[in-house]
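Have a look at the structure below before the remarks.
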Amino acid sequence: MDNKKVLLTIFGGTGDLAQRKLYPSLFRLYLKGQLKESFAVIGTARRPWTNNTYREVVQKAVASLAQTPEQAATFASHFYYQSHNVNDTEHYVALRDLADQLDEQYQLAGNRLFYLAMSPNFFGTIVHHLESQGMITTDGYHRVIIEKPFGTDYNSAETLNAEITDVFSETEIYRIDHYLGKEMIQNISAIRFANNIFESQWNNRYIANVQINIAEDLGVEERGGYYDKSGALKDMVQNHILQVLSLLAMEPPIEFSEKGIRQEKIKALEAIRIYKEDEVKEHFVRGQYAAGKRNDQTFASYREEENVAADSQTETFVAGKFYIDNFRWSGVPFYIRTGKRLTEKGTRINIVFKQVPVNVFKTSINEPCEQQSLEPNVLTIYIQPTEGFSLSLNGKEVGNGFDMHPVKLDYRNSSEILENTPEAYEKLLLDALNGDGTNFTHWDEVAQSWRIVDVIRHAWDHSTAEFPNYAAGSMGPKEADELLEKDGFKWIWSP
Ligand code: BG6
């Protein structure tokens with residue numbers, strides 16, 4: 001079967017995600033020959049656009065990547081627009097007719113990939129109509145890609161999942177977490193499982209703590225309406241952070257395959273301790289940005305952002321500590337930190353190793369009375385904006401004495417590599433075309449992540465936060481630092 005002969009139907013085809021991510025990613029696949037002549041895209045949304053308007057939008061979205069305007073135009077000629085009300089059965093009839101026509105015209109072998117890039121409220125309605133209007137009866141494959149958020153808590157996610165699995169089987173469902181398409185997130189497995197130096201130490205005997213940071217410099221921009229109902233916990237922790245954590249914590253898979261990796265990620269997520277509501281305060285910190293300054297720029301507070309309630313209790317920052325109650329990780333805190341309007345944008349992971357059992361260099365030879373402490377060895381994985389890793393070690397300071405001095409082995413992908421790195425969405429679209437679900441989240445992962453996060457949410461919903469509590473342009477409230485200090489640690493990344 002040629003997987004890349006395909007009809008892709010995008011629900012939400014006029015939206016921001018489609019224009020900023022999906023069309024450029026499809027174009028890159030086209031430039032690389034992954035999509036050839038046999039592909040067609042139907043974009044649907046409510047707006048009454050024509051094919052021509054739609055193609056102009058697509059052309060514009062890929063213009064900066066195209067060698068010539070003709071190249072962009074030829075690509076865009078594969079795109080068709082269908083004005084669509086998701087609740088109107090007639091519209092699915094028209095959609096099916098168009099799909100059948102394109103199937104024949106482009107010789108698509110009946111392969112259909114549906115991309116749901118709109119509010120989850122409509123997912124159930126859409127998939128049931130796809131089935132009842134005969135859109136998934138063709139000979140080829142039928143797959144559905146689903147954008148986050150997958151539910152707003154465990155119960156709503158379960159309902160949503162039941163609706164989708166009524167029509168599509170688990171192997172046909174591709175739940176997107178775009179972090180899983182990032183180059184350096186995929187590299188976590190390479191670092192761990194291809195380097196004995198790390199995997200042999202990857203446990204509670206050698207690792208003191210793990211720190212996952214996803215910091216953003218931006219505020220909520222024009223997404224206040226969505227964000228004020230969501231907050232950082234649901235927007236970032238339930239999905240991206242717990243996915244990264246599961247990749248760091250999982251056991252080595254028997255083989256590097258969809259089944260192997262998913263099994264181990266699920267086991268890791270299941271081993272994360274679910275706190276009781278009254279324990280949340282001790283282990284989690286929430287924050288919301290006040291007005292603030294970064295360099296010469298001044299920023300308004302979150303509560304002043306568009307579509308945000310003036311007395312909003314929504315958190316724009318979360319720091320917390322997870323424990324993984326299994327043999328490998330018992331006792332090792334996994335600290336997480338994410339927020340908007342922080343000092344700078346950066347996703348990085350710090351693996352902090354335990355100290356040597358005895359510090360034989362305790363006293364400085366140069367200054368016999370002076371106590372010398374050793375810095376811990378830290379493996380840092382830089383996810384973005386730079387990509388690479390570094391390992392900090394202790395060396396001897398040059399000279400006659402024996403004073404310790406931290407040194408760093410640092411590797412960063414070059415700007416040339418960065419430029420040619422496929423975008424997360426490009427990788428994930430290609431995976432979905434190839435039928436490879438490794439970098440998508442299985443229902444069991446989504447479900448367990450909601451169970452973990454729901455308790456934290458409930459605890460917060462039952463108490464009033466003293467917001468705002470950090471200045472825009474800072475690294476969050478001071479309680480986030482105290483969270484580690486009370487365990488005798490500190491954030492390795494403190495810009
Ligand atoms: C999205 C969140 O999932 O991830 C956004 O909804 C956030 O609020 C974004 O800004 C961060 O993604 P990235 O790739 O820019 O780190």
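Observations
- Those residues of region 182-201 which are more than 23 Å from the chain's Cα centre (by Cα) and touching a residue at least 24 places away in the same chain (Cβ under 8 Å), in sequence order: 198, 199, 201
- Residues satisfying the stated conditions in region 298-353, i.e. out of contact with any helix residue (DSSP H, G or I) (no Cβ under 9 Å at 6 or more places or on another chain), of a type in the set (Ser, Thr, Tyr) and surrounded by 16 or more Cβ atoms within 10 Å (Cβ to Cβ): 301, 343
- Criterion (in contact with a Phe, Trp or Tyr (Cβ under 6 Å, 6 or more places away or on another chain) and touching a residue at least 40 places away in the same chain (Cβ under 8 Å)) met by exactly one of 174, 179, 141: 174
- Being surrounded by 19 or more Cβ atoms within 10 Å (Cβ to Cβ), β-branched (Val, Ile, Thr) and within 16 Å of the ligand (Cβ to nearest atom) is a description that applies to residue 176.
- Sole residue being within 16 Å of the ligand (Cβ to nearest atom) and acidic (Asp, Glu), chosen from 131, 147, 158: 147
- Look at (1) touching a residue at least 60 places away in the same chain (Cβ under 8 Å); (2) surrounded by fewer than 16 Cβ atoms within 10 Å (Cβ to Cβ); (3) closer than 30 Å to residue 356 by Cβ and you find that residue 165 fails only one, number (3).
- Residue satisfying all of: in region 182-222; in a loop (DSSP other than H, G, I, E, B) and among the acidic types (Asp, Glu); surrounded by the most Cβ atoms within 10 Å (Cβ to Cβ) among these: 216
- Filter result (among the basic types (Lys, Arg) and modelled with pLDDT of 95 or more) within region 187-228: 192, 205
- Residue 393 vs. criteria assigned by TED's automatic domain parsing to the domain that holds residue 228, more than 15 Å from the ligand (Cβ to nearest atom) and in a strand (DSSP E or B): yes
- Boolean, residue 230 is among the small types (Gly, Ala, Ser), surrounded by 22 or more Cβ atoms within 10 Å (Cβ to Cβ) and either touching a residue at least 60 places away in the same chain (Cβ under 8 Å) or out of contact with any helix residue (DSSP H, G or I) (no Cβ under 9 Å at 6 or more places or on another chain) (or both): no
- Hey, residue 443 more than 16 Å from the ligand (Cβ to nearest atom), in contact (Cβ under 8 Å) with a residue 40 or more places away in the chain and touching a strand residue (DSSP E or B) at 6+ places or on another chain (Cβ under 7 Å) or not: no
- Scanning region 398-416 for residues that are surrounded by 14 or more Cβ atoms within 10 Å (Cβ to Cβ) and more than 30 Å from residue 183 (Cα to Cα) yields 402, 403, 404.
- Here the condition is being under 25 Å from residue 483 (Cβ atoms), among the acidic types (Asp, Glu) and assigned by TED's automatic domain parsing to the domain that holds residue 321; of 270, 258, it holds for 270 alone.
- Evaluation of residue 206 against (1) more than 23 Å from residue 435 (Cβ to Cβ); (2) of a type in the set (Phe, Trp, Tyr); (3) within 16 Å of the ligand (Cβ to nearest atom) (one fails), failing number: (3)
- The criterion of at least 1 residues that are polar (S, T, N, Q) and more than 16 Å from the ligand (Cβ to nearest atom) is met by the following strands (runs of 3 or more DSSP E) wholly inside region 301-365: 346-353.
- Options 188, 197, 214: the member that is in contact with a His (Cβ under 8 Å, 6 or more places away or on another chain) and closer than 26 Å to residue 331 by Cα: 214
- So residue 406, is it outside any helix (DSSP H, G or I) and modelled with pLDDT under 95: yes
- Selection count where residues are more than 26 Å from residue 483 (Cβ to Cβ), within 12 Å of the ligand (Cβ to nearest atom) and part of a loop (DSSP other than H, G, I, E, B), scope region 223-255: 1
- Of residues in region 121-178 being in the same structural domain as residue 18 (by TED's automatic domain parsing) and hydroxyl-bearing (Ser, Thr, Tyr), the one farthest from residue 3 (Cα to Cα): 125
- Positions within region 23-40 being among the small types (Gly, Ala, Ser) and in a helix (DSSP H, G or I), in sequence order: 25
- Residue match in region 258-272 (condition: touching a helix residue (DSSP H, G or I) at 6+ places or on another chain (Cβ under 7 Å), without any contact (Cβ under 8 Å) to a residue 60 or more places away in the chain, part of a helix (DSSP H, G or I) and surrounded by fewer than 16 Cβ atoms within 10 Å (Cβ to Cβ)): no
- Residue match in region 153-166 (condition: β-branched (Val, Ile, Thr) and within 26 Å of residue 256 (Cβ to Cβ)): no
- Tallying residues that are touching a helix residue (DSSP H, G or I) at 6+ places or on another chain (Cβ under 7 Å) and either within 16 Å of the ligand (Cβ to nearest atom) or free of Cβ contacts under 8 Å to residues at least 12 places away in the same chain (or both) within region 209-218 yields 2.
The values are calculated or read from the model by the stated rules, or taken from the named source; none is laboratory data. Treat the numbers as computed from the prediction; the structure is a model and nothing was measured. All Cβ positions, glycine included, derive from the backbone under ideal geometry; neighbour counts span all protein chains shown.
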